[in-house]
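Let me begin by presenting the structure, written as structure tokens, before commenting on it.
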Amino acid sequence: DIQMTQSPSSLSASVGDRVTITCRASQSISSYLNWYQQKPGKAPKLLIYAASSLQSGVPSRFSGSGSGTDFTLTITSLQPEDFATYYCQQSYSTLGSFGQGTKVEIK
Amino acid sequence: QVQLQESGPGLVKPSETLSLTCTVSGGSISSYYWSWIRQPAGKGLEWIGRIYSSGSTNYNPSLKSRVTMSVDTSKNQFSLKLNSVTAADTAVYFCARVEYYSGWYPVDYWGQGTLVTVSS
């Protein structure tokens, strides 16, 4: 099984900050890496697929990078609506596993 | 715009069967993978399984012995049955679509989620 590990588990940031979340796979997954945003009581929302492709309608302040085992989600200029939990997910294998999540909180 | 809506009982007794249905609107259920994913309160996301519109399935090995998924293309619905439930199965259950035309298989549409509590 492929294990996905996110860091940090949580972070505090201010509006306007640049935020970086990392995700590491236990084996190479090429670029089969997706990022989701989840707000309390809501379903996850796809932000990035294929490691760096922005899903339609997602603001350009979100970007993704990486390949192989190490990946990054970056939010430039954090906005009030970006405070949420972010999950990475590998789609290299069937029923691709999720990371444990990174909660972005207001400082 | 594709929309998914879960339906089913919110309370199930221990040892009984959890049954949920997902109704897809705004698009055809044909030629896509459809999934069930669950999330216990305050925890992360766990795949339960996926089903193709033809009926072929893939289940999480940890749940495989208790899970059955089915699809009804005439009603644009797919369903989940999880038997012999325990309190550990208490979670929000999401139905979702796996997009594969891009070749990258992200989960691009999700239902709002439905809370299922296992309790006597």
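What follows draws every value from the coordinates through simple rules; no lab data is involved. Computed from a predicted structure; not experimentally measured. FYI the Cβ positions are ideal-geometry reconstructions off the backbone, even for glycines, and counts take in every protein chain you see.
Numbers at a glance
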{"read-out": "Shielding by other protein chains, B:103-115, mean Cβ within 10 Å", "value": "6"}
{"read-out": "Charge sum, other residues only, whose C-beta stays under 10 Å from A:Ala13's C-beta, Lys/Arg counted +1 and Asp/Glu -1", "value": "-1"}
{"read-out": "Test item: A:94-102 mean partner chain Cβ contacts at 10 Å", "value": "5"}
{"read-out": "Selected from B:Ser53, B:Ser62, B:Ser30 as most flexible by GNM, with chain B as the system and alpha-carbon contacts under 10 Å", "value": "B:Ser62"}
{"read-out": "Estimated vicinal HN-Hα couplings, Hz - the stretch A:82-98 in sequence order (Karplus 6.51, -1.76, 1.60; Gly, Pro = x)", "value": "8, 6, 5, 9, 10, 10, 9, 8, 8, 10, 6, 10, 4, 6, x, 6, 9"}
{"read-out": "Peptide A:61-67, shielding by other chains (average Cβ, 10 Å cutoff)", "value": "0"}
